[in-house]
Structure formats: C-alpha cells, structure tokens
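Presented below is the structure to which this report refers.
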Amino acid sequence: MRFVWFLLMVLGVQATAHAQGKVSPLTTLPPDIQLKGQLIKGVSWQDQAGLNYFILAETAEAPSPGGDPDYREKFLYAWHYVRRADSLLLRRSITDFTKECPVDLSVNHIPESLTITDLDGDKLAEITFLYTIGCAGDVSPHTLKLMMLEDGAKYAIRGTTVMDGYPAEKNPDTALKAAPAVFQQYADKRWEIFSRQ
C-alpha cells in the first residue's frame, strides 16, 4: 500500500512538472491582491495567458451571527489571477463554507492536492485542488470536492471520502463530463488519492 501511495504521489509531481514554465511558491502576495482569511498556499507561474497567481485561503472558525455561541461557521477561498502588462485580472474565484454548525466543522483545503499542469498541451495551465466541507457530530465521511480550473473555466467532482460502512459518492459535473479525456483521467486519479485519506 505504501508503494502505491508513493507511486501516485510521484505521478502528481511529474504532472506538475509538465506545466509550462516553473511553478514557484508564493510566500508573500503582490500588493494589489487582497486576501480574505489566512493564506494556506499560493503559487505563481508563467504561461500563454501571462503571469499567473493562484491562492488558497481559509478563515478561522467563528461564531455564526445570531448570538448562539454553540453555532459556528468557517469559509474557504480560492483565487486565480493573471497579470497582463499592467492589468491584474481575476480569472476565477471560489468560495465555500459551512454556517450555523453546532458540531464538528470540516472546511479545509488539502494543500498537498494542489497541482499545476498542462495536460492538453495548449500552453494554458490547469489548476487542480481538493477540499473538504461539512458539519457532522459523528464519525462519517466528509464531503469532498475537486476543482480543476483552466483559463477561467471550472470542472468539478463532488462526493464523499471513502470510509468503512458508508458508500462513497463521486459525482463529476456536466463540464467535466464534456471536458477532454485527459482532464477526466487526471481528475479521477487525484480523486482516488485524496478520497482515501
């Protein structure tokens, strides 16, 4: 099992290396990018679109509005920006959350799931990442979401993590079903890795 996990992680690293240009970590954000929450992970790279920035962030758990301290909420965010000449363009943003949760919150990016690829060789990078979200008071599967972005387009799989005693769910959206086969195959591989953690 450890060998299979290692092999899958190597495949993920190789896929990242196939993106056009070098992918660099962002330790500080450009001054014209405003951050909500806490920076979880950020990367930059150059492709045909320009200089790209991709940022994952989360808020801390906080009381939900309304005064009951037992109800909490948490948000997560993702942003894809492209700089062209002097313009900074927001190509895609994603916001997800759980509100009014009286039990255990699961609103978390999976930072190690983030990859930058050029699977279709069109010199525009694909961004793939996964996160969990939900509110549960027992030991049950987490809601899991995979997002793949390319030049403003979004492809997704939504479902649940694998857990003994519960049937796993996996629901590709209409966009992914119509996407190039290489996108579908890569999304399936990433889902297989992170749905079993």
**Prompt:** Taking a probe of 1.4 angstrom, what is the accessible area of ARG83 in Å², to the nearest 10?
**Reply:** 60
**Asked** Taking amide hydrogens as modeled 1.01 Å from N in the peptide plane, which residues meet the under 5 Å criterion relative to GLY134, leaving out close sequence neighbours?
**Response** SER106, VAL107
**Item:** Sum of -39500 (n - 2.57) over DSSP H runs of 4+, divided by residues of the chain (222 nm, nearest 500)
**Value:** -5500 deg cm²/dmol
**Complete:** Counting only protein heavy atoms and rolling a 1.4 Å probe, one gets per residue an accessible area for the chain in Å² of 53
**Complete:** Going residue by residue through the stretch 33-42, the Karplus relation 6.51 cos²θ - 1.76 cosθ + 1.60 with θ = phi - 60° gives ³J(HN,Hα) values, rounded to whole Hz and with x marking Gly or Pro, of 10, 8, 9, 9, x, 9, 5, 9, 6, x
**Message:** With every protein chain left in place and a probe of 1.4 Å, what is the accessible surface of HIS142, to the nearest 10 Å²?
**Reply:** 90
**Fill in**
Counting sequence-distant residues (5 or more places) and residues on other chains, those with an amide H built under 5 Å from that of ARG72 are SER64, GLU100, CYS101
**Prompt:** Taking square-rooted eigenvalues a ≥ b ≥ c of the alpha carbon gyration tensor, is the stretch 150-197 rounded, prolate or oblate, where a/c under 1.5 means rounded and, failing that, a/b exceeding b/c means prolate?
**Reply:** prolate
**For the stretch 123-140, Karplus couplings with θ = phi - 60° (6.51, -1.76, 1.60), whole Hz, Gly/Pro x** = 6, 10, 6, 9, 10, 10, 7, 10, 8, 10, 8, x, 8, 8, x, 9, 7, 9
**Asked** Based on the Kirkwood radius over alpha-carbon pairs, what value in µm²/s does the Stokes-Einstein equation return for the translational diffusion coefficient of the stretch 81-143 at 10 °C and 1.306 mPa s?
**Response** 108
**Fill in**
Cα-based Rg/(2.2 N^0.38 Å) for the chain, rounded to two decimals, is 1.06
**Prompt:** For the stretch 51-197, what number of Lys pairs, 8 or more residues apart or on separate chains, have alpha-carbon atoms under 20 Å from each other?
**Reply:** 13
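The values are calculated or read from the model by the stated rules, or taken from the named source; none is laboratory data. Quantities reported herein were computed from a predicted structural model and do not represent experimental measurements. Accessible surface areas use protein heavy atoms only, side chains included; no ligands, DNA or RNA. Shrake-Rupley method; radii C 1.70, N 1.55, O 1.52, S 1.80 Å.
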